Amino acid sequence: MPTNIDNLKSQMRKGMLEFCVLLLLNDSDAYASEIITEMKEAQLIVMEGTLYPLLTRLKNDGLLSYRWEESPSGPPRKYYSITPLGQQFLDQLRASWDEINLTVNHLLNKSTIK
């Protein structure tokens, strides 16, 4: 039986989520709703129930920190930022991505479309 493509795409996206969150926070601090909006704009659909546990895990691993800021509209917001350890980890993820991308592109270029 063939692999369900939607399931495979979902697994691939979940695998990239941590990398994408760190990339976003590398440019600027953000709160969860901003991260979700950015991900949606990049065609990577993320639900709050997926993002919040990931942010907590990254914080517990020392890759992210957060601070509370008052909001002009509504309750205070928790802004996440990448830590120096998170920056080192992001650099390693980028190197891994470059290797994977090189391999896949090599195979794609060798392959003939049937």
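The values are calculated or read from the model by the stated rules, or taken from the named source; none is laboratory data. Note that the structure is a prediction, hence the values are computed from the model and not measured. When we count neighbours, we look across all protein chains shown, and the Cβ atoms used for this are built from the backbone with ideal geometry, even at glycine. These area figures cover heavy atoms from the full protein model, side chains too; ligands, DNA and RNA do not enter into them. Shrake-Rupley method; radii C 1.70, N 1.55, O 1.52, S 1.80 Å.
You will find that of L54, L90, L24, L58, the residue that is touching a helix residue (DSSP H, G or I) at 6+ places or on another chain (Cβ under 9 Å), assigned to a helix (DSSP H, G or I) and in contact (Cβ under 8 Å) with a residue 60 or more places away in the chain is L90 and no other. The set of residues in segment 61-87 that are among the acidic types (D, E) and either assigned to a strand (DSSP E or B) or farther than 17 Å from L23 by Cβ (or both) comprises E69, E70.
Scanning segment 1-38 for residues that are more than 17 Å from P84 (Cα to Cα) and among the charged types (D, E, K, R) turns up D6, K9, R13, K14, E34, E38.
For segment 92-114, which positions are within 15 Å of the chain's Cα centre (by Cα) and either surrounded by 12 or more Cβ atoms within 10 Å (Cβ to Cβ) or hydroxyl-bearing (S, T, Y) (or both)? Correct list: L93, R94, S96, W97. Taken together, the residues in segment 1-21 that are assigned to a helix (DSSP H, G or I), open to solvent by 50 Å² or more (accessible area, probe 1.4 Å) and of a type outside the set (G, A, S) amount to 10. Among the residues of segment 27-51, those identified as among the small types (G, A, S) and either in a helix (DSSP H, G or I) or over 20 Å from Q11 (Cβ atoms) (or both) are S28, A30, A32, S33, G49.
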